[in-house]
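To start, the structure under review is shown below, and the notes come after it.
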Amino acid sequence: MRIRAVAWPTPERSGTGEAAGFAAAAAAQAAWALAAVAWQLTAEYYWHVMNHTPFFYRRFHKYHHYYKSPSPFDDLFIHPVEGFLYYCILFAPAAALPLRRAAFGAYMTLMGMCGLADHSGVRIALGPYDSAEHDLHHSHVNVNFGFPFAWFDRLHGTYLPPADVYE
């Protein structure tokens, strides 16, 4: 078992008062939550691409693609081996980063809500997020691997814009 020691900014250590100490700690946790999202975006993209290779797709990932127009519950319609490994990716930041409960909760809420929205069949477009990108992944299979944002798809040329299909 590994034990981590992390020095969190507190009013006593920073000498700036309670409000400033809280603000510094909150900013640090926001940064760690963003690091968790960055980890998930990176690991999930390459994991998802690997799941579309013939070996992994045939044995594991084809179950998730059974429904071409998924419903919210289809987010969890996955082979147990794929599910275990995906949740290792999803929960890795809790083991590797000094996330406090609120930061980890915010990260998990974002991932959960996007997973449900991605499989809802309803287009939800907020800033860099668009649920239609994952709908296209289910109907076209070899595009839009990224979750919840398509930044790596744009980087690697696997991005299909929803406007090309929906409008």
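From the set of residues in segment 152-167 that are assigned to a helix (DSSP H, G or I) and at pLDDT below 90, which is surrounded by the most Cβ atoms within 10 Å (Cβ to Cβ)?
Val165
Looking only at segment 133-151, which residues are part of a helix (DSSP H, G or I) and surrounded by 20 or more Cβ atoms within 10 Å (Cβ to Cβ)?
Glu133, His134, Asp135, Leu136, His137
For the list (1) surrounded by 15 or more Cβ atoms within 10 Å (Cβ to Cβ); (2) at pLDDT 95 or above, I need the number of the one condition that Cys114 fails.
That leaves (2) as the condition not met.
Quick one: which helices (runs of 4 or more DSSP H) lie wholly within segment 1-97 and hold at least 3 residues that are modelled with pLDDT of 95 or more? If you could, list the steps in order and put the result at the bottom.
Working: elements: 11-14, 18-51, 54-59, 80-96.
Ranges flagged: 18-51, 54-59, 80-96.
Against the conditions (1) surrounded by fewer than 17 Cβ atoms within 10 Å (Cβ to Cβ); (2) over 27 Å from Arg154 (Cβ atoms), where does Phe104 fall short? Just the number, please.
Result: Phe104 fails condition (1) only.
Can you say whether Arg59 is more than 16 Å from the chain's Cα centre (by Cα) and within 27 Å of Ala25 (Cβ to Cβ), as far as the supplied structure shows?
no
The values are calculated or read from the model by the stated rules, or taken from the named source; none is laboratory data. Source: prediction; values computed, not measured. Using ideal geometry, Cβ is built from the backbone for each residue, glycine included, and neighbour counts are taken over all protein chains shown.
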